[in-house]
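All remarks here apply to the structure that follows.
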Amino acid sequence: MTRAQQRALTALWQRFGVDAGVAPLDPTVLFGRHAPLVLEIGFGDGEALATMASTDPMANYLGLEVHRPGIGHLLLRAEALALTNLRVMCADAVEVLERQMPDDCLDQVRIFFPDPWPKARHHKRRLIQPSFVALLVQKLKSGGQLHIATDCEDYARSILSILNATSELNNRAPGHGFMPHPMHRPPTKFEQRGWRLGYAVRDILFARRDRIE
Ligand SMILES: C[S@@+](CC[C@H](N)C(=O)[O-])C[C@H]1O[C@@H](n2cnc3c(N)ncnc32)[C@H](O)[C@@H]1O
């Protein structure tokens, strides 16, 4: 971690940070206003998240990450851009979703380049599993969108098959396959590393079907 990132974690936490715990999150209190809520899980260095928040000021953006240098990097960007619609948690996404995120409250969930764990014996460590998708479905509003991108071909196919098999979700891509790169997704650091290695990127976009009352 650089000294600037370390300093940001201390000096800017009160402004942008949300301490993880067990109390339910109240997005209106966290942001001081009611607005559509976008959650990014595993934002890495946060460059893409800072760009999305700055170009979409009408929405509230919440980022979850466990890598502290990346969080420090994002806090510095958030300060430089004077963002008021961004909050950050240093916490495991599964724990936050299970313990603190109210049901039916997310307008968008974005997961860009989740750790690929390419070896077959490590596939069980992958974030996108049926149980995790069931949790996300619980937290998404009706019509809320789940957008995942990856450059790991077999992970992309696994994610597509898990999501296509989730009855509460509807594939937004033509032909129920992958989506052309949506304009609102800025390139990420991990993605640019993949470009240099010649990897193809897959975008996957689903929407939560209406809940039947
Ligand atoms: C391959 S990196 C991609 C980072 C960034 N999205 C990008 O594209 O540059 C995956 C990120 O997910 C984070 N991560 C993995 N599991 C997580 C979890 N359960 N909760 C929050 N973040 C997680 C890692 O710390 C890492 O920064």
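Data table
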{"item": "Per-residue HN-Hα couplings for segment 29-44 [Karplus 6.51, -1.76, 1.60; θ = phi - 60°; Hz; x = Gly/Pro]", "result": "6, 4, 9, x, 6, 9, 7, x, 10, 10, 10, 10, 9, x, 7, x"}
{"item": "Under the span-like rule (Cα at least 15 Å along the axis, Kyte-Doolittle mean at least -1.0), DSSP H helices of the chain", "result": "68-80, 153-164"}
{"item": "Mean Cα-pair separation over length for the chain, i.e. relative contact order, pairs under 8 Å, 6 or more apart, %", "result": "21 percent"}
{"item": "Evaluated at q = 0.14, 0.16, 0.24 Å⁻¹: base-10 log I(q)/I(0), Debye formula over Cα of segment 35-136", "result": "-0.55, -0.70, -1.36"}
{"item": "Listed residue (P182, Q6, C90) projecting farthest to the positive dipole end of the chain, Cβ model", "result": "Q6"}
{"item": "For R172, residues with placed amide H under 5 Å, excluding near neighbours", "result": "L205, F206, A207"}
{"item": "Amide hydrogen neighbours beyond the local backbone of F113, cut-off 5 Å, H modeled", "result": "A149, T150"}
{"item": "Total charge dipole magnitude, the chain, about the Cα centre, Cβ charges on Lys, Arg, Asp, Glu only, Debye to nearest 20", "result": "500 debye"}
{"item": "Apportionment of accessible area to carbon and sulfur, segment 105-213, percent (1.4 Å)", "result": "54 percent"}
{"item": "Rel. contact order, % - alpha carbon contacts under 8 angstrom, at least six apart, segment 95-210", "result": "33 percent"}
{"item": "The chain: radius of gyration over Cα atoms, expressed as a fraction of 2.2 N^0.38 Å", "result": "0.99"}
{"item": "Derived scalar couplings ³J(HN,Hα) [segment 60-65; Karplus, 6.51 cos²θ - 1.76 cosθ + 1.60; whole Hz; x for Gly, Pro]", "result": "8, 10, 10, x, 10, 7"}
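The values are calculated or read from the model by the stated rules, or taken from the named source; none is laboratory data. Please read these numbers as outputs of a predicted model, since none were measured by experiment. Glycine also receives a Cβ, built like all others from the backbone with ideal geometry; neighbour counts cover every protein chain displayed. Just the protein is used for accessible areas: all its heavy atoms, side chains included, with ligands, DNA and RNA removed. Shrake-Rupley method; radii C 1.70, N 1.55, O 1.52, S 1.80 Å.
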